[in-house]
Structure formats: structure tokens, C-alpha cells
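Below you'll find the structure, written out as C-alpha cells, and then a few comments.
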Amino acid sequence: MSSTEVRSKTAAATPKAQRVVDLKLEVVAIPVADVERAKRFYGGLGWRLDADFAVGNEFRVVQFTPPGSPCSIHFGTGITAAVPGSARGLYLVVSDIEAARTELVGRGADVSEVFHRAGPGKPPLSGPDPARRSYVSFATFSDPDGNGWLLQEITVRLPGRVDADDTTFTSATELASALRRAAAAHGEHETRTGQHDENWPDWYAAYMVAEQAGKPLPS
């Protein structure tokens, strides 16, 4: 056996490190019967109108983006063959379920009362989760065609749900909420230590990064 054959077999037996390619969800298409009515509805919610392109009478795409969202929605003509109103379980993650509901109601959406579940698959219970745990408080609403949206309150991510190296806040409101939670936790920290923490900015930063990444929080 030649040295070339040895090297060839060794290379074949050694798996190559594979690069994970970013796959960023950009757009979700929703089926509507009346494009202008849907445009008025989503514009009324305060969502950003990104595009409204038409090609004759056969194709039209309207794009809206919810505040703070990296993903947009498309609707229009020639976009999807799905039955209008058949989209269900479209999640909108919020940091304050009650504030989000109040704003949407103020903008004309018919939003359900806030409810929570004791666990996955459990029946809905009235009001937000008493402990305000992440992932368990909800509210729902539909657009004029019946496409269903679900608000879900998340303030602390489960481990592995986000890139541990990334910390992002998509609005001033979301950042302010994170600062308030850090401030409350830091107050408990100072009570435990019995002294003022001069390095509170570092503590806040560590808390906010760990909270978003789902890592153990500083104490």
C-alpha cells in the first residue's frame, strides 16, 4: 500500500468540520381575501409598511413588519394558495403581555383577555401567570380574515433558545423592561450582601446577558 493510499483513506475516515450556515426566517405569508382591508388592519396596529408592489392584476405583494420583529409578513395577490383566514398559531413574543394587549386594543384589535397555562397542554386559566413565568402567559386576536395571532410573554429564555454570544433589544420599551428586572434583582442582591454595590453597572450587564441567554442569573 502506498503512502498516497494511506493518506487518502485517513482523510476519508476523518469527518470535516461543517460550517453551520445562517438560515434567518425572513417572511411568513398569510392568506387574505381583501388586500386593502388587510393593509388597513395591519397598518392600524402600528406595523411598519415595507412594500406594496403590483405587477398587473395577477400579482401583488404587501409587506408589513411588527415593531421590533426581524421577521415580516406578506399578503396580497398570487402569494399563496392557502384559504384566506387559515393561518393559525402565529406567535408574537412580548416582554409585557398586559401592556401589549392594552396597546393592541387601543389600536382597534379585538384581543382576548390574558390567560395562562399551568404547563404545556394544560387548560387555560384566567389572567397572567401569578409568578409571571416566561412562556406561559398568552392573549389572542385575529385579523379581519380570521388569521389567528398569539401573544406570548417571554422575559427569560430557556437555555439554548438563543445564541449565548448575542444580546439584543429590539425597542426602548424592551430594554427598559430588562433594566427594571435587573434593578429589582440587584436590589435583592444588595439586601443579601448588606452593602452598596459600586459595580452595579457590571452586575446589571451580567444579569441582562444571562437572562436573555437562559444562563444562571447572578445572585
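Here are the numbers for the structure shown:
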read-out: Residue that is nearest to the chain's Cα centre (by Cα) [pool: residues in region 190-208 that are surrounded by 16 or more Cβ atoms within 10 Å (Cβ to Cβ) and touching a residue at least 24 places away in the same chain (Cβ under 8 Å)]; value: Met208
read-out: Conditions (1) more than 30 Å from Leu175 (Cβ to Cβ); (2) of a type outside the set (A, V, I, L, M); (3) modelled with pLDDT of 95 or more: number failed by Gly46; value: (1)
read-out: Top-ranked residue of region 39-85 - restricted to ones that are among the polar types (S, T, N, Q) and over 20 Å from Leu25 (Cα atoms), ranked as most open to solvent (accessible area, probe 1.4 Å); value: Asn57
read-out: Count - residues of region 71-115 that are of a type in the set (D, E, K, R) and either touching a Lys or Arg at 6+ places or on another chain (Cβ under 7 Å) or within 20 Å of Thr173 (Cα to Cα) (or both); value: 5
read-out: Hits in region 49-81 - residues which are of a type in the set (S, T, N, Q) and either at pLDDT below 95 or over 19 Å from Gly146 (Cβ atoms) (or both); value: Asn57, Gln63, Thr65, Ser69, Ser72
read-out: Residue, surrounded by the fewest Cβ atoms within 10 Å (Cβ to Cβ), within region 117-136, restricted to residues that are over 15 Å from Leu150 (Cα atoms) and among the charged types (D, E, K, R); value: Lys122
read-out: Number of positions in region 95-108 that are among the small types (Gly, Ala, Ser) and buried (at least 19 other Cβ atoms within 10 Å of the Cβ); value: 2
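The values are calculated or read from the model by the stated rules, or taken from the named source; none is laboratory data. Fair warning: this is a prediction, and the values are worked out from it, not measured in the lab. Cβ atoms come from the backbone with ideal geometry, glycine included; neighbour counts cover every protein chain shown. Accessible surface areas use protein heavy atoms only, side chains included; no ligands, DNA or RNA. Shrake-Rupley method; radii C 1.70, N 1.55, O 1.52, S 1.80 Å.
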